[in-house]
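To start, the structure itself, in structure tokens.
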Amino acid sequence: MTHDHDLVLRPTEAQISAALNPPPGRNGGDLVVETLAALGATTVFGLPGQHALGMFDALRRSDLRYIGLRVENNAGFAADAYGRITGEAAPLLLSTGPGALTSLAALQEAAAASAPVLAISSQIPTAGLGGGRHGYLHELPDQSASFRGVVKSVHTVRTQSQIPSAIEAAWKSALTAPHGPVWVEIPQDVLLAETPVPVVTGGDAFPEELPPRPELTAVAADLLSRAERPAIIAGGGVVRADAAGKLRQLAEVLQAPVVTTPGGKGAFPWRHPLSLQSWIEDRHTTDFLEDADVLLVVGSGLGELSSNYHTFKPRGRMIQIEADLGKLESNHPALGIHADARLALQALLETVSPREDAQAPERVREVLARVSERIAAQELTLEQDLLASVRRALPATSPSFWDMTILAYWAWSAFDAKGSNLFHSAQGAGGLGYGFPAALGAAVADPSHPVLAVSGDGGALYSIAELATARQYDLNVTWLIVDDGGYGILREYMTDAFGQATATELSRPDYVALAESFGVPGVRTTPETLADDLAKALAAPGPSVVVLPAVLRMFAPTHL
């Protein structure tokens, strides 16, 4: 009897010819780019460095498209967005030591948001590995240790023959649910040495599937079918699994209201009769979810933001579908189902019984009305008008990328994403500087739609150098910078907590003049003209900057 794992793929004549007659001048770097191409990669991001030059030299002998950014952390954010938009593992080529370490904050965001990033770094020469103090440039006692607590998996290569298999294993790790960043490191001498290894012509690019256990979905389906007041929380796992359609089907079959987390925005239609939208930081929503007798949580660990800062205390039975095993029941007891959201939702669709509940849409309308009344009582017209202006200006099919800034915090709750996988922010790890370089990565992934980036002036200064990248590659990104002269949200937090703010005020440049110095068109706008100015910028090809001088306020929290 023949088993599937006994089958060996036979090489084609072209592959045999390439293996027997490799082109001259190949080195370890060629094995890297050949493996990436064989796995299906078409684009790589990165920044060259002395130890990594073997990889970068090999790029000119390959068909891979290289997008070079100015700071490694920004290159990581760009790769993160490319992975989110395409669903592919986004290669990120880095150098040793400082170059590698500068990417850490971006890789933390990719890990928190389950974005597939394949980081490939150089290392000091093989003779220096092992923790000795040899004094090599960029030397760390154990470089991989700096990444082990951040990425999904670490792969250290010591010989050229290990390169294809290590990269293939990392690729599959990045794309196996939950998606995430992975780390491969290759010594400088291994990359530079001429290689006798044949041309890499094939690779297994298919990740492992993560189906649910059938006995668990059977119990979950029974609970949901018999529930009197079911409700659903949809997180980023629904978006990453491309499962929005199945979520909508299940919600309609069960007549279960749905609220999306900040990471899950767009996973459920904003104006659907069962949509509680994204007001997960509101006590009215929290109360409604606590009252559910069966609560289905899909693709969320119910962390700080998604639990209204851990004030959420469910009283009913909870079912949690989550691809990250460590998040199952980490905050609340539940029927934990370790599975990819798409496969688990499909299993539930095949086993639940339809429910009739004519009152569900009315209960949703009541919650949204109470939320609206609460916000209306706080005199926050400017902030609501600005979000509405952004929504009017942004084409319905265009993605947006939001930095950690007050307008983004509003957007987590109040912005209609118009579709799954169109709204992205740095709320996973919460670091500054994400919006603009991530938008550049999205524009590389899909140049057919304009892309919007939104930053405050504080976050903008983290990534201002990437105006050069936007211009060099003529990327179709419009960058909205809300300039309030400092770290606005920290100013607000400190004033509320201590009566005054410290270390929050910034001396900042003329952003319009600065953009124009990079050859990027810039315009200064007002709240009244924002929608028109933003629409014009988005409609024009290539990069642009729109600067809005404005001091914004957050809506009052309900968790204190």
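The values are calculated or read from the model by the stated rules, or taken from the named source; none is laboratory data. Owing to the predicted nature of the structure, the values given are computational and were not obtained by experimental measurement. So basically every Cβ, Gly included, is an ideal-geometry build from the backbone, and we count neighbours across all protein chains shown. Only protein heavy atoms, including side chains, enter the accessible area calculation; ligands, DNA and RNA are left aside. Shrake-Rupley method; radii C 1.70, N 1.55, O 1.52, S 1.80 Å.
Residue by residue, the stretch 122-139 carries 3J(HN,Hα) couplings of 7, 9, 5, x, 3, 4, x, 6, x, x, x, 9, 8, x, 5, 4, 6, 5 Hz when phi is fed to the Karplus relation 6.51 cos²θ - 1.76 cosθ + 1.60 (θ = phi - 60°); x denotes Gly or Pro. With a Förster radius of 30 Å applied to the beta-carbon distance between Arg471 and Glu304, the computed FRET efficiency rounds to 0.20. Shape class for the stretch 19-73: oblate, because the ratio a/c of the largest to smallest gyration tensor axis (alpha-carbon atoms, square roots of eigenvalues) is 1.5 or more and b/c is at least a/b. Subtracting the Cα-Cα distance of Glu362 and His272 from their residue separation scaled by 0.36 nm leaves 31.2 nm. To the nearest 10, the accessible area of Asp142 is 70 Å² with a 1.4 Å probe.
Antiparallel beta bridges, as assigned by DSSP with both residues in the stretch 1-145, represent about 0 percent of the total such bridges. This model, with +1 at the C-beta of Lys and Arg and -1 at the C-beta of Asp and Glu, gives the stretch 195-267 a dipole about its Cα centre of some 320 debye. For the stretch 467-484, the Karplus equation 6.51 cos²θ - 1.76 cosθ + 1.60, evaluated at θ = phi - 60°, returns couplings of 4, 5, 5, 4, 6, 4, 9, 6, 7, 8, 10, 9, 10, 8, 10, 8, 9, 10 Hz by residue, with Gly and Pro reported as x. Note on the stretch 154-299: the alpha carbon radius of gyration divided by the globular reference 2.2 N^0.38 Å gives 1.51.
Here the Karplus curve 6.51 cos²θ - 1.76 cosθ + 1.60, taken at θ = phi - 60°, turns the phi angles of the stretch 103-110 into couplings of 8, 4, 5, 5, 5, 5, 5, 4 Hz, with x standing for Gly and Pro. Charged side chains reduced to their Cβ positions (Lys and Arg at +1, Asp and Glu at -1) give the chain a dipole of some 100 debye around its Cα centre. The shape of the stretch 256-306 can be summarised by an equivalent ellipsoid whose semi-axes, obtained from the alpha carbon gyration tensor, come to 15, 14, 11 Å from longest to shortest. When the solvent-accessible area of the stretch 137-237 is split by element, carbon and sulfur atoms take up 55 percent of it, the probe being 1.4 Å. Quick one: helix 72-86 against the long Cα principal axis of the chain, what's the angle to the nearest 10°, folded into 0 to 90? That helix lies at roughly 70 degrees to the long axis. Near Leu92, the amide H atoms lying under 5 Å from its own belong to Phe45, Leu118, Ala119, Ile120; only residues 5 or more places off or on other chains count, and H is placed 1.01 Å from N. Roughly how many whole Å is it from the C-alpha centroid of the stretch 230-257 to that of the stretch 282-361? Going from one Cα centre to the other spans 10 Å.
Within the chain, antiparallel bridges make up roughly 5 percent of the DSSP beta bridges whose residues both belong there. When the C-alpha to C-alpha distance is required to be over 18 Å, the pairs from Lys152/Lys172; Lys265/Lys313; Lys265/Lys418 that qualify are Lys265/Lys313. In the chain, taking the dipole from charged Cβ atoms about the Cα centre, the farthest positive-side position among Val199, Gln500, Gly237 is held by Val199. Per residue, the convex hull spanned by the Cα atoms of the stretch 246-368 measures out at 95 cubic angstrom. With a cut-off of 8 Å between alpha carbons and a minimum separation of six or more residues, what is the relative contact order of the stretch 440-490 in percent? It comes to 50 percent, rounded to a whole number. Over the chain, dividing the summed -39,500 (n - 2.57) contributions of all DSSP H runs of at least 4 residues by the number of residues returns a 222 nm mean residue ellipticity of -11000 deg cm²/dmol. Between 0 and 90 degrees, rounded to the nearest ten: what's the tilt of helix 530-539 against the longest Cα principal axis of the chain? Taking Cα atoms only, the helix is inclined about 30 degrees. Three principal axis extents of the chain based on alpha-carbon atoms, in descending order, are 71, 70, 44 Å. Rounded to the nearest 10 degrees, the inclination of helix 381-393 to the longest alpha-carbon principal axis of the chain is 50 degrees. The tail of the calculated P(r) for the stretch 323-389, taken as Cα-Cα distances beyond 16 Å, holds 72 percent of the pairs.
Translational diffusion coefficient of the stretch 477-522 (Stokes-Einstein, Kirkwood radius from Cα pairs, 20 °C, 1.002 mPa s): 174 µm²/s.
In plain terms, the chain from Leu137 to Arg65 could stretch by 23.0 nm, reckoned as 0.36 nm per residue minus the Cα-Cα distance.
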